[in-house]
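Just below is one structure, and these are the notes that go with it.
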Amino acid sequence: MIPGSFDYHCPTTVDEAVALLGEYGEEARAIAGGHSLIPMMKLRLAAPEHLIDLRRIDSMRGISRDAGSIVIGATTTQAEIIVSPVIAADLPILSETATLIADPQVRAVGTIGGNVANGDPGNDMPALMQCLGADYVLKGPGGERTVAARDFYEGTYFTALEEGELLTAIRIPQPPAGIGWAYEKLKRKVGDYATAAAAVLLKMDGDTCSFASVALTNVGDTPLFAAEAAEALVGSKLDAAAINAAVAAAEAITNPASDGRGPAEYRTKMAGVMVRRAIARARNRAA
Ligand SMILES: Cc1cc2nc3c(=O)[nH]c(=O)nc-3n(C[C@H](O)[C@H](O)[C@H](O)COP(=O)(O)OP(=O)(O)OC[C@H]3O[C@@H](n4cnc5c(N)ncnc54)[C@H](O)[C@@H]3O)c2cc1C
């Protein structure tokens, strides 16, 4: 399948890109790695007349530490995340998740910004960003604003991004020392989207859980922040009753489609299994 014809624009600054998006309005789309947008254009599910390529905007790329946060430019690729020493030291759950996305070819060009801005509940990074309490930095004609990842997703392919706005960076608070972490993903084969996946962070004070965060991928119209699942763990010794309660709370918020990845009931149960496995691995990693 061949996409419809389009004009290609290659800005080198965020302001230039925002101006182009404003000039062409609904006929324009930003493109980063193109590994979600181009397949949609080939299927004629998207037919933008103007593509605004973000990859020559240097200020939108790279990973740095800033005032207790890790800041990741939107056009940073999954491959760059996997080899980043900052991510390895401060946010290893991010490289674990990136490694589970697609295959090396897709990870070489697919960007974290495209992954979280896309609005596809099958993307792995949005739930992880909710689990980590990340903020998205957006820039549009009205200036800059910040939206929490937990408030960003409104429905499949519907997000808080307004017309003419770009996601420029993601700010992730540096997790406390000694935190345990895991991203568990069930997929039919290497390179597949999740049947169900779960991100878990845990902090232990002695044998008691003092902090937990849980989020789910591809078992609803949006990524799901599982606040009640985390509450079931905090204050417990991560005994069977607490873990069963967390799994039940996570399953209760799912609403997956029945599709090629299995019937809805199966995918809900698999979300619970992913939560259970992620809790076990995060517990083992917690100091
Ligand atoms: C074979 C295959 C398997 C895959 N498997 C997985 C998987 O298992 N897990 C997974 O998470 N993903 C998977 N993907 C998707 C892949 O990770 C994409 O690269 C990613 O979803 C989008 O990133 P991108 O940089 O390619 O964005 P693009 O395709 O360029 O853009 C995607 C959307 O986001 C918008 N956009 C992009 N950047 C910005 C920005 N900075 N600001 C505002 N809007 C923006 C675009 O306008 C477009 O609507 C797979 C893709 C393929 C082809």
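Readers should treat all values here as calculations from the given coordinates under stated rules, not as data from a laboratory. Being a predicted model, the structure only gives us computed values, none of them experimental. Note: ideal-geometry Cβ built from the backbone for every residue, glycine included; neighbour counts use all protein chains shown.
Quick notes on this structure:
- Segment 7-53, relative contact order in percent, only Cα pairs under 8 angstrom and at least six apart counted: 56 percent
- Using a simple spin-label model with pseudo-atoms 7 Å out from Cα toward Cβ, E27 and A252 lie 5.1 nm apart.
- Charge dipole (debye, nearest 20) of segment 57-107; +1 at Cβ of Lys and Arg, -1 at Cβ of Asp and Glu: 40 debye
- Pairwise label distance in nanometres, S210 with A67, each label 7 Å out on the Cα-Cβ vector: 2.6 nm
- FRET efficiency for D239 and A19, using Cβ-Cβ distance with R0 set to 41 Å, rounded to 0.05: 0.10
- Checking every one of the chymotrypsin sites (Phe, Trp or Tyr not before Pro) in segment 1-79 against DSSP loop status and a limit of 11 other Cβ atoms within 10 Å picks out no site at all.
- The charge dipole of segment 67-213, taken about its Cα centre with unit charges on the Cβ of Lys, Arg, Asp and Glu (plus for the first two, minus for the last two), comes to roughly 240 debye.
- The value of relative contact order for the chain, using C-alpha pairs under 8 Å at least six residues apart, is 15 percent.
- Lys/Arg +1, Asp/Glu -1 at C-beta; the chain dipole; positive extreme among V71, G178, Y153: G178
- Segment 60-173, relative contact order [Cα under 8 Å, separation at least 6], %: 28 percent
- Farthest toward positive dipole pole in segment 7-53 [+1 Lys/Arg, -1 Asp/Glu at C-beta], among M40, T13, H50: M40
- If the segment from Y157 to D58 were pulled out straight at 0.36 nm per residue, it would be longer than the present Cα-Cα gap by 33.0 nm.
- Once exposed loop GluC sites (Glu not before Pro) are cut out (DSSP; at most 16 other Cβ, 10 Å), longest piece of the chain: 164-287
- Segment 187-223 residues near the modelled R285 label - backbone nitrogen below 18 Å, point 7 Å along Cα→Cβ: 187, 197-205, 209-217
- Here each label is just a point 7 Å from Cα along the line to Cβ, and for M1 and D192 those points are 2.1 nm apart.
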